[in-house]
Amino acid sequence: STVPYNLKWEKAVGGNDGFKDLVADAKEKNYGVYPDFDFAYINETGAFDGVSLKKHAVKSIDNRYTSMRVYSAARQNYASFFQLAMSPAYYYRFIDKLYENYSDYEPIGISVSTLGYSLNSDFDKKEPYNREDSKDFTVDAFKSFEEAYGNVMTSGGNSYTWKYADH
């Protein structure tokens, strides 16, 4: 997926009205709904997703873009998923935009995917950020999600996220 900038629910699952109905049913029957949004990595960028790779993507020390790689013990190499890392300094650009769109649905939860375990430095020459800076941006993001949506889910989590993540 692209970063959560514009929000449009899939027609195959009922579109916007279907999601509203799902949230209403969840509130009535007391179960959770956690749409998954990834702020730490993106798979692609489109003309209308608000992403500028030059500005928003993490750069390595030799000025290359950084992507998520996972070590495969079976193959004894790294598998790349071609997901570019987003600079933590720009999380709020996309968090604020998501809030504008997502709050219309009166949500009862959110899943923030890899944000709980990703901690990326950004060696951009104009705006460098180390891992401690990244942690601060991430904690601020989790605080915002908890305040705005109440229930927060993440795929794994570092200890500094535990206070804010429910699942």
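The values are calculated or read from the model by the stated rules, or taken from the named source; none is laboratory data. Every value quoted in this text rests on a predicted model; they were computed, and no experiment measured them. Cβ sites come from the backbone with ideal geometry, for glycine too, and all protein chains shown count toward neighbours. Ligands, DNA and RNA are excluded from the accessible area calculation, which covers all protein heavy atoms including side chains. Shrake-Rupley method; radii C 1.70, N 1.55, O 1.52, S 1.80 Å.
What number comes out for accessible area per residue over the chain if the probe is 1.4 Å? Units Å², please.
58
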* To do: Taking the Cβ of Glu146 as the centre, find all other residues whose Cβ is under 15 Å away and add up their charges (Lys, Arg: +1; Asp, Glu: -1).
  => -1
* Taking the Cα centre of the chain as origin, work out the dipole magnitude from +1 charges on Lys and Arg Cβ and -1 charges on Asp and Glu Cβ, in debye rounded to 20. => 680
* Backbone HN-Hα couplings from phi across segment 91-101 [Karplus 6.51/-1.76/1.60, Hz, Gly and Pro as x] -> 3, 5, 4, 8, 5, 4, 5, 5, 4, 4, 8
* Have a look at Lys29, Lys54, Lys135 and tell me which one the Gaussian network model of the chain (Cα, springs below 10 Å) gives the largest fluctuation. => Lys29
* To do: Measure off, as a whole percent, the carbon and sulfur share of the 1.4 Å-probe accessible area of segment 17-132, all protein chains present.
  => 49
* Cross-link table Lys55/Lys135; Lys29/Lys143; Lys55/Lys163; Lys29/Lys97; Lys55/Lys97, entries beyond 22 Å C-alpha to C-alpha -> Lys29/Lys143; Lys55/Lys163; Lys29/Lys97
* **Rough spin-label spacing in nm, given labels placed 7 Å along Cα→Cβ, for Asp36 and Lys11** => 2.4
* Structure fact -> At the level of C-alpha centres, the distance separating segment 112-159 and segment 84-99, in angstrom, is 10
* Please build a GNM for the chain, connecting alpha carbons under 10 Å apart, and tell me which residue among Pro88, Pro128, Pro107 fluctuates the most. => Pro128
* Asked: In deg cm²/dmol and to the nearest 500, what is the mean residue ellipticity at 222 nm of the chain if only DSSP H runs of at least 4 residues count, each as -39500 (n - 2.57), divided by the residue total?
  -> -9500 deg cm²/dmol
* Can you run phi through the Karplus equation (6.51, -1.76, 1.60; θ = phi - 60°) for segment 129-139 and list ³J(HN,Hα) in whole Hz, with x for Gly and Pro? -> 9, 8, 5, 5, 4, 4, 4, 4, 4, 5, 4
* Across segment 87-145, how large is the tail of the calculated P(r) beyond 13 Å, expressed as a percent of all Cα pairs? -> 63
* Asked: Normalised by the number of residues in the chain, what is the relative contact order in percent for Cα pairs under 8 Å and 6+ residues apart?
  -> 25
* When only C-alpha pairs under 8 Å and at least 6 residues apart count, what is the relative contact order of segment 112-167, in percent? -> 42
* Could you work out how far helix 15-29 tilts from the main Cα principal axis of the chain, as a 0 to 90 degree angle to the nearest 10? => 70
* Just Ser134, Ser155, Ser121 to compare: in a GNM of the chain, with alpha carbon springs under 10 Å, which one fluctuates most? -> Ser155
* Asked: How big is the equivalent ellipsoid of the chain along its three axes, where each semi-axis is √(5λ) from the Cα gyration tensor, reported in whole Å from largest to smallest?
  -> 28, 17, 17
